[in-house]
Amino acid sequence: MILRRVGTLFDRVRAELHRSFTEEYSSRETAGSFSLGVFITMLPTLGTGLLAFVVLAWAFERINRIAMFASVIVFNPVVKWGVYGTSFTLGTFILGPVPGVSPSSVSLAAGPAIVTRLVIGNLILACVAAGVSYVAAHRAVAAYERRELGVVSAVTGTVGDDGPADDSE
């Protein structure tokens with residue numbers, strides 16, 4: 001019973017993904033939606049990124065909601081710790097170390113300087129990741145569309161435009 005429900009759920013997800021990739025949105029819209037989701041997900045929004053997703057999905061009709069929400073799967077909370085560490089390191093590389101702070105002693109007075117380095121590094125990483133994700137998603141969706149169109153043209157070429165030939169005459 002559980003396996004049947006899981007199978008049904010996977011079939012629904014697969015059908016929704018197929019519809020999203022081939023019927024409703026262009027490859028550019030899907031890639032842009034995923035890229036926007038990656039940008040928002042990478043920012044240190046403390047969970048308000050999902051609220052931003054809902055508002056954007058409601059406000060703009062041409063946003064592929066599935067692609068945008070898929071970015072949460074890629075940049076999940078476990079991955080975000082690595083993103084924050086890299087962001088802080090990048091921000092420290094650009095702005096220099098926080099004066100008077102060492103790994104063994106951090107005070108609340110250094111909070112604004114640490115947050116500044118985190119946000120600067122995070123914005124740079126989010127822009128780079130959004131650009132890379134746009135290219136990757138666009139190529140993936142275009143390849144998916146070519147595969148689907150290849151199947152349609154192969155079937156059409158075999159069967160013919162007027163349907164199957166009738167050899168009974």
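The values are calculated or read from the model by the stated rules, or taken from the named source; none is laboratory data. What you see is a predicted model; the values in this text were computed from it and never measured. All Cβ positions, even for glycine, are placed from backbone atoms using ideal geometry, and neighbour counts span all protein chains on display. Surface areas here come from the heavy atoms of the whole protein model, side chains and all, with no ligands, DNA or RNA. Shrake-Rupley method; radii C 1.70, N 1.55, O 1.52, S 1.80 Å.
When you scan segment 67-78, do you find a residue that is at pLDDT 90 or above and either open to solvent by 50 Å² or more (accessible area, probe 1.4 Å) or over 13 Å from Ala126 (Cβ atoms) (or both), even just one? It would help to see each step written out before you state the result.
So the first thing to find is which residues in segment 67-78 are at pLDDT 90 or above, and the list is none.
The answer is no, given that none of the residues of segment 67-78 is at pLDDT 90 or above and either open to solvent by 50 Å² or more (accessible area, probe 1.4 Å) or over 13 Å from Ala126 (Cβ atoms) (or both).
Taking the conditions exactly as written (within 24 Å of Tyr144 (Cβ to Cβ), at pLDDT 85 or above, open to solvent by less than 60 Å² (accessible area, probe 1.4 Å) and among the small types (Gly, Ala, Ser)), does Ser35 satisfy them or not?
Numbers: within 24 Å of Tyr144 (Cβ to Cβ): yes; at pLDDT 85 or above: yes; open to solvent by less than 60 Å² (accessible area, probe 1.4 Å): yes; among the small types (Gly, Ala, Ser): yes.
Yes; evaluated as a whole, the condition is true for this residue.
If a residue counts only when it is more than 27 Å from Ser33 (Cα to Cα), which helices (runs of 4 or more DSSP H) contained entirely in segment 45-106 have at least 2 such residues?
On the way: elements: 49-59, 65-74, 77-95.
Here the list reads 77-95.
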Checklist entry - Which of (1) in contact with a Lys or Arg (Cβ under 8 Å, 6 or more places away or on another chain); (2) at pLDDT below 80 does Gly91 not meet, given it meets every other one? => result (2)
Checklist entry - Does segment 85-95 include one or more residues that are open to solvent by less than 40 Å² (accessible area, probe 1.4 Å) and under 17 Å from the mean Cα position of the chain (by Cα)? => result no
Checklist entry - With respect to Gly82, is the statement that it is modelled with pLDDT of 80 or more, of a type outside the set (Val, Ile, Thr), exposed (fewer than 11 other Cβ atoms within 10 Å of the Cβ) and closer than 23 Å to Ile40 by Cα true? => result yes
Next on the checklist: Any residue at all in segment 38-47 that's open to solvent by 30 Å² or more (accessible area, probe 1.4 Å), closer than 19 Å to Val132 by Cα, within 8 Å of the chain's Cα centre (by Cα) and not β-branched (Val, Ile, Thr)?
Outcome noted: no
Item to check | Residue match in segment 145-153 (condition: surrounded by 15 or more Cβ atoms within 10 Å (Cβ to Cβ) and at pLDDT 80 or above) | outcome: no
Next on the checklist: Give all pairs with beta carbons closer than 7 Å in which a residue from segment 74-102 that is farther than 15 Å from Ile114 by Cβ meets a residue that is at pLDDT below 85 and surrounded by 12 or more Cβ atoms within 10 Å (Cβ to Cβ); count only pairs at least 6 apart in sequence or on separate chains.
Outcome noted: Val83/Phe75
Next on the checklist: Could you check segment 103-120 and list, in sequence order, the residues that are out of contact with any Phe, Trp or Tyr (no Cβ under 6 Å at 6 or more places or on another chain) and modelled with pLDDT of 85 or more?
Outcome noted: Thr116, Val119, Ile120
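Looking at the structure I just gave you, is Glu29 within 30 Å of Glu145 (Cα to Cα), surrounded by 12 or more Cβ atoms within 10 Å (Cβ to Cβ), under 19 Å from the mean Cα position of the chain (by Cα) and modelled with pLDDT of 75 or more? Walk me through it before giving the result.
Working: within 30 Å of Glu145 (Cα to Cα): yes; surrounded by 12 or more Cβ atoms within 10 Å (Cβ to Cβ): yes; under 19 Å from the mean Cα position of the chain (by Cα): yes; modelled with pLDDT of 75 or more: yes.
It is true that Glu29 is within 30 Å of Glu145 (Cα to Cα), surrounded by 12 or more Cβ atoms within 10 Å (Cβ to Cβ), under 19 Å from the mean Cα position of the chain (by Cα) and modelled with pLDDT of 75 or more.
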